[in-house]
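The values are calculated or read from the model by the stated rules, or taken from the named source; none is laboratory data. All values derive from a computational prediction rather than experimental measurement. Cβ placement follows ideal geometry from the backbone for every residue including glycine, while neighbour counts extend to all protein chains displayed.
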Amino acid sequence: MPIGGSSPRTGTFSRPVAPENLPSSARLLHNILRVTYLLTFSTYGTHLPGDARGSHDRHTGPRGQAQRLEDYALSVMRERPFELNDPADRELVHDSIAATCAQKEWPLEALHVRITHVHLVLATDGPPERALQACKAFATRALKGTHPEREHFWTRSGNIRRLPDRQSLESAIRYVRDGQGQPL
C-alpha cells in the first residue's frame, strides 16, 4: 500500500499537498485557516503545581500556592530539576524550535528561550497541542546530545493561548520579545 491513506468509501488515495503547490485560491484559504497562538512551556521541575507563583489545572483552572501540593510534586519527581543555564543549551533549544516551525511550515512570529521556560508565538492550521508537543520533542532531541543522562527536560504539558485578533497578536509578540527581562 502506498504511503498516505485511502478512503474506505471510494478507495481513492490522497496525499497532503504542500501549501506552495496549491492553487492561489486554496493557498489563501490555507493561510486564512491558520490560527496564531502563544505557547509557553517550562523546564522540568522548575514550576511545580502549588508553588508560590501559582499554577493552572486544566480541569479546575487557576490555583494559588498550596505547599502540600508542591511538596508532593517534588516527592514524585524522577530526577532533579532542569534549567537552561548554559547559553549553548538555550541556543540549541532556540534553533531546534525555529527549525521545527520551518519544517512544519508554521510561521514563527516570536521566540524567547529563558533559563526555566520558553515562549513562542506561531501560527498553525492544526491543533496547537500538536505544535507544542513537536517543539518540545525537537528541543529534547537537540538537548539529548549534550545531556544524554537526562530523561526529562520539560514539564508534561504547557500553556496555549489563542490570539484571536491583531491586537492580541502584537501584544503577545511584544511580551515574548521585550517582556522577558534582560537578554541572557
So for region 88-100 (the condition being buried (at least 17 other Cβ atoms within 10 Å of the Cβ), in contact with a Cys (Cβ under 7 Å, 6 or more places away or on another chain) and either modelled with pLDDT under 95 or in a helix (DSSP H, G or I) (or both)), does at least one residue qualify? yes
For the structure I just gave you, tell me whether P127 is without any contact (Cβ under 8 Å) to a residue 12 or more places away in the chain and within 18 Å of F41 (Cβ to Cβ). yes
Matching entry among A142, A137, A172 (being aliphatic (A, V, I, L, M) and either surrounded by fewer than 15 Cβ atoms within 10 Å (Cβ to Cβ) or part of a loop (DSSP other than H, G, I, E, B) (or both)): A137
